[in-house]
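Remarks on the structure that follows.
Values quoted throughout were computed directly from the atomic coordinates according to the rules given, and no laboratory measurement underlies them. Bear in mind the structure is a predicted one, so any value in this text is a computation, not a measurement. All Cβ positions, even for glycine, are placed from backbone atoms using ideal geometry, and neighbour counts span all protein chains on display.
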Amino acid sequence: MSLLPDHQDAMTTPSYDIAILGSGPVGCALALALARHAPDPGRILLAGPMPAPRPAGQAIDPRALAMNHGSHQFLDSLNAWPAHAAAITHVHVSQAHHVGQTQIDHADLGVAELGCVVRYDELLERLHQALEHSGVQRLLERPSRPLAGTPVQLPLKTQTLTTRVALLSDGVAPSGLRREYGQRAVLATIRASRPRPGWAFERFTREGPLALLPHPADPALYSLVWCVPPARAEALLASPAAAFAQALQQAFGQRLGTLRPVGDSHTFPLSLHVGPQYLGPGVMALGNAAQTLHPVAGQGLNLGLRDVAQLAHALGPWLARPQSEVSFPLRHYMHKRRLDRGLTVAITDTLPRVFATKWAPLRHACSLGLMALELLPMLRRPLARHLMQGQRR
């Protein structure tokens with residue numbers, strides 16, 4: 001249902017103090033976090049469609065998300081953690097055709113779990129349920145690109161709304177660093193004959209990384225994210241289940257016993273985009289609107305939720321006096337996000353390209369690097385801690 005003000009004067013009081021464009025996980029989490037700081041949550045607008053209801057008895061959705069420890073804590077604080085989640089207590093990293101490997105254990109970092117895997121559709125549904133009690137206004141139509149200014153204009157099909165601040169949480173900014181990886185991610189749900197509860201696997205092959213994550217629907221199921229060249233991805237999707245299973249077994253090995261797909265597979269192209277956060281007076285981008293990452297190590301949404309936490313913290317005091325200048329808290333937010341954003345982009349951009357190299361000396365160096373991480377906790381723990389929670393200060 002679309003909830004709009006009965007009247008407005010765009011030249012005096014804007015329709016809203018904050019408008020969030022995008023109703024995916026990042027946009028919903030941002031709306032919930034800001035509502036907790038706002039004296040009047042009704043001055044916050046979330047624009048974007050509601051999730052479609054899940055039909056009873058539908059096949060398992062292959063889209064699963066690896067949420068790190070920090071994201072779990074943050075979503076818990078918003079009362080938006082889904083009911084079903086599969087804990088990750090161990091991560092096994094290996095390189096195909098090389099001996100190098102390393103393991104990350106939750107006990108090394110003093111936590112009960114390194115992270116969890118949740119279903120995308122369940123997470124989004126839970127976020128929207130939490131929003132029903134937040135006081136945030138909803139608009140099912142997503143405005144076209146906002147027009148920066150004072151106030152910011154939000155063009156709709158039949159009218160134009162105004163807001164003091166517009167925050168874009170989805171879509172891709174038109175400029176910035178771009179890189180095409182020449183890979184597609186194949187998503188599928190896999191049943192293992194010898195599952196290992198709590199274990200997640202990241203295997204670097206010469207085609208690209210292959211991840212198997214524990215699935216929240218069943219202890220014997222795993223969520224597969226398999227990065228391969230586009231032609232290989234299309235061939236895998238078109239192949240019979242037995243041929244798909246054989247190819248996966250050859251790439252992954254026997255650590256989980258016999259592997260076989262359950263339900264449909266899907267694929268999507270992989271690219272890097274790192275765009276500007278500041279898009280003009282009163283307009284900011286975060287989440288996928290600011291950066292889209294390679295799925296290696298599952299950092300995209302986790303980085304977006306750290307954007308949310310720090311932006312809500314920066315704008316909290318301003319929401320008490322929205323007539324005041326907003327540029328300072330927005331600049332402060334961009335400064336605070338620089339280190340975490342840069343490190344996460346560098347890690348997720350470098351790993352898949354280096355491990356997929358055709359240059360033999362570099363492949364051997366990667367194997368030695370994994371061995372060094374395994375043997376030297378002083379090297380392994382800082383990387384593991386960043387992947388588990390990022391830089392939050």
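Couple of notes before you dig in:
- Helix 377-389 axis, angle to the chain major axis (alpha carbon atoms, nearest 10°): 40
- FRET efficiency estimate (nearest 0.05) - Cβ-Cβ, residue 237 to residue 376, R0 51 angstrom: 0.80
- Relative to the longest principal axis of the Cα atoms of the chain, helix 300-320 runs at roughly 20 degrees.
- Euclidean distance between Cα centres, the range 341-371 to the range 256-277, Å: 19
- Taken about its Cα centre, the range 247-331 carries a charge dipole of about 180 debye when Lys and Arg each add +1 at the Cβ and Asp and Glu each add -1 at the Cβ.
- Net charge of neighbours whose Cβ lies under 14 Å from the Cβ of residue 230, counting Lys and Arg as +1 and Asp and Glu as -1: -1
- Mean-position separation - Cα centroids, the range 287-321 and the range 116-190, in angstrom: 12
- Length-normalised contact order for the chain - Cα pairs under 8 Å, 6+ apart - percent: 22
- Cα centroid of the range 218-234 to Cα centroid of the range 29-55, whole Å: 33
- Quotient of the Cα radius of gyration of the chain and 2.2 N^0.38 Å, N being its number of residues: 1.02.
- Charge sum, other residues only, whose C-beta stays under 10 Å from residue 191's C-beta, Lys/Arg counted +1 and Asp/Glu -1: 0
- Cβ-derived FRET efficiency at R0 45 Å, residue 150 paired with residue 77, nearest 0.05: 0.85
- Of all beta bridges that DSSP places with both ends in the chain, some 70 percent have antiparallel geometry.
- Between residue 258 and residue 36, the distance separating the two model label sites (each 7 Å from Cα on the Cα→Cβ line) works out to 4.8 nm.
- In the range 101-237 the Cα-Cα distances spread across 10 Å bins starting at 0 as 9, 23, 27, 24, 16, 3, 0 percent of all pairs.
- Sequence-separation-based contact order of the range 44-146, relative, with Cα cut under 8 Å and 6+ spacing, percent: 46
- GNM remark for the chain: springs join alpha carbons under 10 Å apart, and the peak mean-square fluctuation among 20, 44, 347 falls on 347.
- Between residue 84 and residue 362, the contour length at 0.36 nm per residue exceeds the Cα-Cα span by 96.0 nm.
- Mean Cβ neighbour count within 10 Å, used as a protection proxy, ranking 252-263, 273-284 highest first: 273-284, 252-263
- Relative contact order [Cα under 8 Å, 6+ residues apart], the range 282-393, whole percent: 29
- Residues listed by number, the range 68-87, amide nitrogen under 20 Å from residue 133 label point at 7 Å toward C-beta: 72-85
- Nearest-ten-degree value, helix 120-131 long axis tilted from longest Cα axis of the chain: 20
- Selection from 220, 90, 153 lying farthest towards where the dipole of the chain points positive, charges on Cβ: 90
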